[in-house]
Each structure stands twice: as C-alpha cells, then as structure tokens.
Amino acid sequence: MRGRLFAFVVAVLTGCATLTQDSLDARFGPEAPARFDQVAAVESGGVSYRQDVKPILDRRCVVCHACYDAPCQLKLGSLDGVLRGTSKADVYESPRLREAATTRLGIDAQRPSEWRARGFDPVLNERTPAPENQLAASVLFRSLALKQAHPLPDEKLLPAELDVSLNREQSCPSLGEFDAHERKQPLAGMPFGLPGLTPVEMGVIASWLRAGAPDDPPAPLPADVARQVADWEQFLNGGSLKEQLMSRYLYEHLFLGHLEFEGDAGRHVFALVRSTTPPGTPVKPLATRRPFDAPGVESFHYRLLRDDETVVAKTHMPMVLSPQRMERWRGWFLAPADRVDALPSYAIGDASNPFRTFAAIPADSRYRFMLDEARFFIMSFIKGPVCRGQTALDVINDRFWVFFTDPAVGADDHGAELIARQAELLRMPAEIGSNALIVSGLIGWRQMAASEDRFLAVRTEEMNRRFGAGHPIDLSTVWRGEGQNPNAALTVFRHFDSASVVQGLVGEPPKTAWIIDYPLLERIYYLLVAGYDVYGNTAHQLDTRLYMDFLRMEGESNFLMLLPKAARDPLRDFWYRGVSNEVKAHVNGRKARFEGESGIRYGPGDPQQQLYRMLRTELAPVLSTRFSLEREPDLALRAALQKLAAVRGASLSWWPQAAVLRVDDAGRPARYFSVLRNTGHRNVSTLLHEEDNLAPDENTLTIVPGFIGAYPNAILRTTLAGLPALTRDAAAIASEADYRAIADRHAIRRSDPGFWAASDALMDAYQRWSPLEAGLFDYGRLENR
C-alpha cells in the first residue's frame with residue numbers, strides 16, 4: 001500500500017497527465033465495472049433521482065448533453081445515460097475511412113459493465129463505495145465542483161481560451177485524467193461555458209451521490225395506457241403476410257418517432273422497436289444498424305418500448321396514436337384487395353429500396369400514410385442524425401415552401417405503374433453500405449446518378465405524355481389536405497448547421513419552393529433517415545450528400561412545371577446562378593425537360609408570385625397561421641416587429657441565424673418571438689466553400705410568434721419602446737463590433753448571472769406554447785459574442 005501511495009504522490013508532483021491504475025487503486029480502491037449493473041433503490045426519505053436530481057440535470061445539463069452530439073457522448077437525459085458515462089470517440093468524426101461501432105443508448109449495450117467493455121468511462125464512483133470516494137471518484141461531481149471553484153469571469157464575453165464552438169476539440173477526461181484536466185483547464189467546469197449550479201442544486205447532487213446514486217423506478221403505466229399498448233402491439237403483430245408486410249413498413253417509417261397515446265395526461269412516450277420477446281414480456285430490442293437490416297433471429301416482434309429519456313427539441317418527433325389512426329392504417333394497408341403472396345427479403349439490395357420491398361402495398365396507401373403526417377416525415381429528415389453541421393445542410397436554401405402532389409395524380413394507376421416499372425432505377429446509397437471505400441463509393445454513386453438520370457428521362461416522358469395540350473397541368477395536381485389536414489403546406493428553415501420545419505406558409509414568399517410526389521418523398525426518407533448511418537464512413541456520408549442534390553432538384557422541377565413554359569428557365573437560372581449547365585440539366589433541362597404548357601391562367605407580372613398567391617388561396621382552408629405576426633393582438637408591437645422583419649441585406653450577415661427575442665413590458669408577461677435569418681445564396685449546389693456562393697444583399701429576416709428552431713444562437717430581450725432602436729441598429733450593422741454593441745444592450749449571454757433564470761422562463765414559455773411538441777432547447781450553438 002505504501003508503494004502505491006508513493007507512486008500516486010510522485011505522479012501528482014511531476015504533473016503526470018494520467019494517473020496509473022495502481023495510483024487510482026491506491027487512492028480510490030479497485031475498479032468495479034459491474035457496480036451499477038444493479039442500481040440500489042432509494043431509501044425512504046432519501047434524495048430521489050426522478051423527483052430531485054433529474055430536474056436539475058435536465059435544466060442545467062441535458063441542454064447540452066443529449067442525442068448524438070452530446071459532448072463526450074455523455075447523455076444525461078436518463079439514469080441509463082449517466083451510468084453509461086463518457087467516450088472519447090466522436091460520433092460525428094470526419095473524415096472516417098471505416099464505419100464506427102454503434103453506441104446507441106439502450107440498444108447496443110444494456111448494462112454499464114457492457115459499456116466499459118466498449119471503451120466508455122464512468123462518471124459515477126465505480127470504485128470502493130466509501131463515503132469519501134462517492135464524490136472524489138465521481139467525474140460528474142468533480143466537473144460540477146470545478147465550476148464552483150473556478151466560476152466564469154465577471155466579463156461580458158467568455159475568455160477566448162474557453163472554446164464553446166460546436167466543433168471544438170473535446171477532452172473527455174476519465175477519472176485518472178481529471179487532476180491534470182483541472183490544472184490545464186480550470187474554467188472547463190460544468191455546465192460548460194455557462195454559469196454554475198446553485199449551492200442548493202449542488203447539495204442535492206452531492207446527497208444523491210453520497211447515497212450511492214440510487215434510483216426510484218418509474219410508476220407503472222396507467223391501466224388505460226397499458227391497454228392501448230396491448231391493443232397496438234396486437235395490431236402490429238398480426239399473423240397474415242399482409243399484416244406482417246404492413247408492420248414492417250410502419251416500423252421502418254416510425255422507428256425514430258416519439259409515440260404517445262390520445263388522452264394520456266401523463267404524456268408517456270414510446271418507441272417502436274423490433275424485439276426478440278413477445279408482447280406481455282420485457283422488451284429486448286434488436287440491435288441493427290438500420291431499421292431494414294436483417295433481424296438476425298428467426299422470429300421477432302414489434303413492440304412499444306417505454307422511453308423515459310428527457311424530451312429535447314432537437315430530436316422530438318411526436319405522433320399521437322389513437323383508435324382513429326389505427327382505423328385509417330387498416331383502411332390503407334389491410335382493406336385493399338391486393339394480395340401478398342410472399343414476404344420480401346432483407347438482402348441489402350432489396351431492403352434499401354422501398355419500391356421493391358413494399359411493391360405489394362398499393363402506392364396510393366403508402367403515399368396517403370406519409371401525407372397524413374407529412375410534417376413528421378419532413379421533420380425526420382431534419383431531426384434525425386443526418387442533419388448536423390453545415391456540410392450536411394448546405395444542400396437546401398435557408399427558407400422554402402413545400403407542397404405535395406395529390407395522390408389522385410401522383411399515386412394513381414399511372415403513377416403506381418411507373419413506380420413499379422422503374423423501381424430498379426430508384427436505388428439508394430444505403431445499398432452500398434456504411435463501409436464502402438472512397439473509390440468504390442464514388443463508383444457506386446455514379447451508377448446511382450446514372451439511374452437517376454434514366455428515371456428522370458422516363459418520368460419526364462410520362463409527364464409530357466400525360467399533361468399534353470389536351471390535359472395541361474394545373475392546380476388540381478396539388479394536394480389540398482383533404483380539406484382538413486394542415487400538413488398540405490410546410491415551411492422549411494435552415495439555420496446554417498441545423499434546420500426546422502413547421503406547418504403553414506410562413507414569412508414572405510421565398511425564393512424557391514418544392515412540390516413533392518410519392519417517389520420523391522419516399523426516396524428522401526430512405527436516403528436521410530431509414531438508410532442513413534450516422535456511424536458510417538465518409539464515403540457513405542458523401543454519397544448521401546451528393547444524392548440529395550438530385551432530390552432537391554426534383555422537388556424544384558415539380559414546382560416549375562406549374563409555371564408558364566417561358567418562365568421556367570429564367571427562374572431556374574436565378575436559383576442556380578454560377579452553376580454549370582450540366583447541373584442545371586436536371587432542373588427543367590435536357591435531362592428533365594417538361595414541354596407541356598401550364599394550364600393555369602396567369603396575368604401580367606411575376607408568375608412565381610402569382611402562383612404563390614393562388615396556392616395560398618387554394619390551401620386557405622387548411623393553412624396553419626400559427627406563425628403569422630398578424631396574430632399578435634398588440635397592434636403597436638406587431639407594427640414594430642414588422643419593421644424589424646423588413647430589415648434586409650448585407651447588414652444581416654452578422655445577425656444570428658436563429659435568435660429568440662423576449663419582449664418585456666411592465667404589467668404583462670414576457671412575450672417570445674423567433675427571429676430567423678434567411679441567408680441569401682446564389683446557389684446551393686456546391687459541396688464545399690459555401691461562403692463563395694453567398695448573396696448578402698438577399699439576406700432577409702423572418703419573425704414569428706412563438707418558437708422555431710431547437711438550437712438558439714442568441715437570446716435577446718427588449719421592450720416595445722426599445723424595438724425601433726433595435727431595428728435601426730440591425731439595419732446599420734457593418735462589422736462584428738456593431739453586432740457586439742447590440743448584444744451588449746440586448747443579449748442574455750452565456751456569462752450573464754441571470755442566464756439560468758432566463759433559460760427556465762424560456763423553457764416554461766415553450767411548454768405553454770406547444771405542449772405536444774415542446775422539448776428542452778439545446779445550447780450547443782449558443783454564441784459567445
């Protein structure tokens with residue numbers, strides 16, 4: 001023992017970066033990786049994890065530590081995530097020549113000891129459970145205590161050495177590295193780059209850790225919820241071939257969703273999984289990279305797995321299950337007379353292509369299922385793991401409107417026959433896998449690009465034949481939401497390295513719009529969601545990004561078809577300024593030239609703006625106006641915000657991409673608005689150097705009541721009386737210093753002593769604004785300027 005203690009002292013005195021195993025054993029006792037495989041129950045009157053500890057972690061820690069981009073993969077939204085601990089491996093590592101091992105919480109391993117075998121380090125004390133060790137050997141506590149010992153400097157901006165950028169280098173110290181970490185980065189305590197916990201909050205965490213980090217199990221499901229779980233699991237595990245094919249289709253489209261039950265006041269959330277165990281027994285999820293990968297077992301069951309992880313806005317995709325929804329799905333998938341004579345293969349070439357796999361399900365049924373919750377599926381493109389970072393999102397414009405082809409046109413007998421006939425051409429990059437070599441991946445992508453060109457040629461030929469002079473294309477081809485579905489019109493916002501989608505036609509008419517038909521909607525989903533592997537190598541990610549270019553062009557081409565023939569090329573050329581003719585050939589060019597004249601009657605003036613007005617009129621019965629400033633009842637405030645929204649041009653180049661604006665006035669509650677910068681682009685068709693294609697004079701702002709975006713870049717506050725000055729200042733920004741002067745007056749910065757009080761008020765307001773969709777905001781993109 002003396003020798004070990006001497007080694008420890010020497011290590012500390014010499015500044016050794018990592019304590020040896022012997023040193024750690026001498027200081028804290030031997031490792032016990034299985035210590036938390038069985039978590040102790042909380043004693044009567046003790047600190048409750050769920051009631052006392054979890055609310056603190058949620059509001060102070062989960063705001064950065066959630067999802068795939070949680071620093072050090074430390075997910076703090078559940079006790080399972082706390083017990084898993086940290087990893088130095090970066091899920092979004094780039095470049096990556098080989099696919100990475102998957103590390104999905106609750107799927108790829110179940111117990112802390114299994115995570116230790118996968119290279120994760122504990123953040124709780126997994127050594128001798130002596131009272132003096134419960135805090136001293138806990139990386140979680142020491143990280144929080146480091147902030148207490150070294151609070152943020154009393155300055156407006158954080159010091160330059162405290163890097164809070166999204167792609168910063170992460171240290172992820174283990175227990176053996178923590179002494180050196182404290183000396184090297186004293187300001188890196190948690191919450192990182194934000195104010196520390198209060199003494200009361202620290203006391204709660206410390207008491208819980210001293211007690212051995214016990215858990216109090218969740219309350220059993222209410223009887224009515226348990227009954228609905230049983231009803232849905234019975235529905236999803238029917239024995240006929242038709243039922244099995246339906247369930248496979250539903251699972252592959254809902255596996256990322258947060259499923260809730262109508263009328264459940266407790267708002268319990270479930271995930272649809274494939275399990276080795278049948279209904280009525282504990283769920284044991286299958287761990288496959290993709291939802292359409294072979295299950296690896298002879299039989300499995302579709303189950304609803306209770307998800308107790310904290311809901312965060314950046315991944316929350318709610319869908320409410322109800323008897324009415326079940327009946328709609330029965331009608332679409334089981335009622336048609338079409339037969340299913342055999343179940344499709346799980347071979348990657350078939351499974352990655354939904355048009356082959358689900359050919360026995362009528363295209364009309366598949367399309368209506370997706371249209372019914374169109375925002376959910378567009379949202380899954382955005383909130384799934386693919387959309388993280390600028391390179392992943394520079395394939396879309398900063399704001400555009402989305403419409404859909406009516407199923408009676410796009411998925412009728414003609415459309416279904418075209419899809420079935422050309423299924424071989426509708427291939428996805430997932431067919432190549434997650435581990436393709438760069439060269440073979442590019443070869444595979446070129447083959448898929450050739451297939452896309454052939455499909456466009458066949459599709460365009462069909463469109464020219466179908467919508468000729470006798471039956472010109474017109475507004476009847478656009479889905480009207482069955483007169484009651486607000487998913488018929490959506491607005492997509494890009495916030496540089498994140499994105500959002502909402503119902504309605506939000507903001508001024510945008511530069512571009514898409515019309516999405518069934519083959520396009522399904523391909524985008526299988527490209528960016530079902531077929532995308534966040535752990536895949538660079539070749540897989542590159543193929544995905546390049547293929548998405550084609551799909552964006554299809555959506556834009558569909559919109560152009562409704563315009564007068566003479567107006568199509570000039571508008572396309574404006575959208576694709578600086579792009580080669582080879583690229584533009586895919587957008588109403590030689591590879592996709594729709595020759596039919598529009599059947600819509602246009603008057604003098606800009607046909608695109610006329611089309612926008614007509615679409616707004618046609619869809620008026622279903623259009624959501626929730627994000628319209630016209631709904632602001634205070635006329636003076638509405639007028640002041642409209643003047644701020646009218647600011648445009650190069651001055652906005654310094655404005656945050658996504659800001660929350662809090663308006664405070666005496667005698668009334670704070671009101672919240674989203675202020676979104678729409679960055680102008682000459683085109684969005686280049687993979688790198690986006691800055692070369694910016695068009696600063698075309699920058700605009702969209703201001704809406706409520707909340708759009710999961711990652712606020714700035715939290716601003718003002719009053720009604722202060723809005724005119726804020727507007728003048730915003731229009732006059734000519735440098736970073738000019739914006740900083742605005743932030744000095746209006747920003748609730750990371751360093752603000754009142755930050756957490758403002759954050760709590762913001763989260764509460766979001767919950768009141770949208771109880772179904774609200775989740776915790778993420779501060780990983782909150783700026784330090």
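The values are calculated or read from the model by the stated rules, or taken from the named source; none is laboratory data. Here the structure is a predicted model, which is why all the values come from computation and not from measurement. Reconstructed Cβ throughout: ideal geometry from the backbone, glycine too, with neighbour counts over all protein chains shown. What goes into the accessible areas is simple: the full protein's heavy atoms, side chains included, and nothing from ligands, DNA or RNA. Shrake-Rupley method; radii C 1.70, N 1.55, O 1.52, S 1.80 Å.
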³J(HN,Hα) computed for each position of segment 686-692 - Karplus, 6.51 cos²θ - 1.76 cosθ + 1.60, integer Hz, glycine/proline x: 9, 6, 10, 6, 4, 4, 6
Protection proxy ranking, peptides 114-125, 289-300, 270-281, 330-341, average beta carbon neighbours within 10 Å, highest first: 114-125, 270-281, 289-300, 330-341
Exposure ranking of E522, E43 by accessible area [1.4 Å probe, largest first]: E43, E522
Probe 1.4 Å, all protein chains present, accessible-area order of L79, L221, largest first: L221, L79
Helix axis angle, 199-210 relative to the chain longest principal axis, alpha carbon, degrees: 70
Anisotropy class of segment 485-589 from Cα gyration tensor, a/c 1.5 cut: oblate
The chain - mean residue ellipticity at 222 nm from DSSP helices (-39,500 (n - 2.57) per run, n ≥ 4, rounded to 500): -10500 deg cm²/dmol
Sum of side-chain charges, P295 neighbourhood, beta-carbon under 14 Å (Lys, Arg +1; Asp, Glu -1): +3
Surface accessible to a 1.4 Å probe, per residue, for the residues of segment 369-520, Å²: 33
Quotient of C-alpha Rg and 2.2 N^0.38 Å, computed over segment 628-693: 1.47
Heavy atoms of C64: accessible area, 1.4 Å probe, square angstrom to 10: 30
Cα gyration tensor shape of segment 331-374, rounded if a/c is under 1.5, else prolate or oblate by comparing a/b with b/c: oblate
Cα gyration tensor shape for segment 559-695, rounded if a/c is under 1.5, else prolate or oblate: oblate
Angle in degrees between helix 139-149 and the longest Cα principal axis of the chain, rounded to the nearest 10: 80
Mean accessible surface per residue for segment 75-224, computed with a 1.4 Å probe while every protein chain stays in place, in Å²: 45
Reachable lysines, given that their alpha-carbon falls under 30 Å from the alpha-carbon of K242 and they are not under 8 places away in the same chain: K284
Segment 407-504 - percent relative contact order, Cα under 8 Å, separation 6 or more: 19
On Cα atoms only, tilt of 438-466 relative to the major axis of the chain in degrees: 30
Peptides 657-663, 737-743 ordered by average Cβ neighbours within 10 Å, highest first: 657-663, 737-743
Cβ-Cβ FRET estimate between R50 and D163, R0 fixed at 35 Å, reported to 0.05: 0.55
Charge tally in the Cβ shell below 9 Å around P191, where Lys, Arg are +1 and Asp, Glu are -1, P191 excluded: +2
For I516, distant residues with modelled amide H under 5 Å away: F403, F404, T405
Net charge over other residues, Cβ less than 10 angstrom from the Cβ of D569 (K, R count +1; D, E count -1): +4
Extension gain, A294 back to S580 (0.36 nm per residue minus Cα-Cα distance, nm): 98.8 nm
Residues with amide H under 5 Å from that of A313, placed H, sequence gap 5 or more: G775, L776, F777
Y779 accessible area, assembled protein chains, probe 1.4 Å, Å²: 0
For segment 116-161, alpha-carbon Rg and Dmax in angstrom: 15.0, 43
Sulfur and carbon atoms: percent of accessible area, the chain [1.4 Å]: 55
Dimensions (Å) - segment 698-785, Cα atoms, principal axes, largest first: 40, 29, 27
Accessible heavy-atom area order of L254, L152, highest first, probe of 1.4 Å: L152, L254
Beta bridges by DSSP in the chain, antiparallel share as percent, to the nearest 5: 65
Projected label distance in nm at T281 and L720, using a 7 Å step from Cα toward the beta-carbon: 6.5
Order by protection proxy (mean Cβ within 10 Å, highest first), peptides 553-565, 347-359: 553-565, 347-359
Over 29 Å between alpha carbons, listed pairs K383/K511; K156/K511; K584/K643: K156/K511; K584/K643
Projected label distance in nm at L343 and D154, using a 7 Å step from Cα toward the beta-carbon: 6.8
Rg and Dmax of the chain, Cα atoms only, in Å: 27.4, 96
